[in-house]
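The values are calculated or read from the model by the stated rules, or taken from the named source; none is laboratory data. Remember, predicted model here, so these are calculated numbers, not experimental data. Glycine also receives a Cβ, built like all others from the backbone with ideal geometry; neighbour counts cover every protein chain displayed. Surface areas here come from the heavy atoms of the whole protein model, side chains and all, with no ligands, DNA or RNA. Shrake-Rupley method; radii C 1.70, N 1.55, O 1.52, S 1.80 Å.
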Amino acid sequence: QVQLVESGGGLVQAGGSLRLSCVASGSIFSINVMGWYRQAPGKQRELVATIPRNGRTMYADSVKGRFTISRDNAKNTVYLQMNSLKLEDTSVYYCNAIGGSTMYWGQGTQVTVSS
């Protein structure tokens, strides 16, 4: 089992920045890909960005050039630096990890962008 705990959400004005963190614990040796998803009210959960243990990052088109995902394997932590935030970025952000054939989720952290 893998446990994921997110932090760093909050309220920010449009154009501002936030950094989300997600710490993994448990059977972390099994984790390959980590990432961030988000879900706005009334919408489906969508991919934001992913980062494998070794390899290229991937981003949703809507966040390219504004968000940066990074990973510190020594700290079992994945980060999401969010710059130039827009109103439409308002969502609950979920940390995700894939270990073997199992997908794990954090509890989510709210990000609210105000005008």
**Study point:** Sites residue 64 and residue 17, calculated FRET efficiency, Cβ-Cβ separation with R0 25 Å, nearest 0.05
**Key:** 0.95
Practice item. Would you kindly find the accessible area of residue 101, with a 1.4 Å probe and non-protein molecules such as ligands, DNA and RNA excluded, rounding to the nearest 10 Å²? Key: 120
Practice item. State the Cα centre-to-centre distance between segment 3-19 and segment 56-80 in whole Å. Key: 14
Practice item. State, to one decimal in nm, how far the label point of residue 83 lies from the label point of residue 29, with both points 7 Å from Cα in the Cβ direction. Key: 3.9
**Study point:** Efficiency of FRET from Cβ geometry, residue 44 and residue 74, R₀ 30 Å, rounded to 0.05
**Key:** 0.30
Study note, to complete from the structure: Candidate cut points under trypsin sites (Lys or Arg not before Pro) in segment 66-107, DSSP loop plus at most 16 other Cβ atoms within 10 Å of their own Cβ, are 66, 86
Check your understanding: What aspartates and glutamates sit close enough to residue 43 to cross-link, taking a C-alpha to C-alpha distance under 13 Å and skipping anything fewer than 8 places away on the same chain?
Key -> 88, 89
Check your understanding: So what is the accessible area of the chain per residue, in Å², with the probe set to 1.4 Å?
Key -> 53
Point to revise | Value of Rg/Rh across the chain [Cα atoms, Kirkwood radius] | key: 0.95
Review point. When the accessible area of the chain is split by element with a 1.4 Å probe, what percent falls to carbon and sulfur?
Key: 50
Point to revise | segment 45-108 - Rg over Rh from alpha carbon coordinates, Kirkwood radius | key: 0.95
Practice item. Can you tell me the order of 54-62, 87-95 when each peptide is scored by its average per-residue count of other Cβ atoms within 10 angstrom, highest first? Key: 87-95, 54-62
Study note, to complete from the structure: One would report the antiparallel percent of DSSP beta bridges in the chain, rounded to the nearest 5, as 90
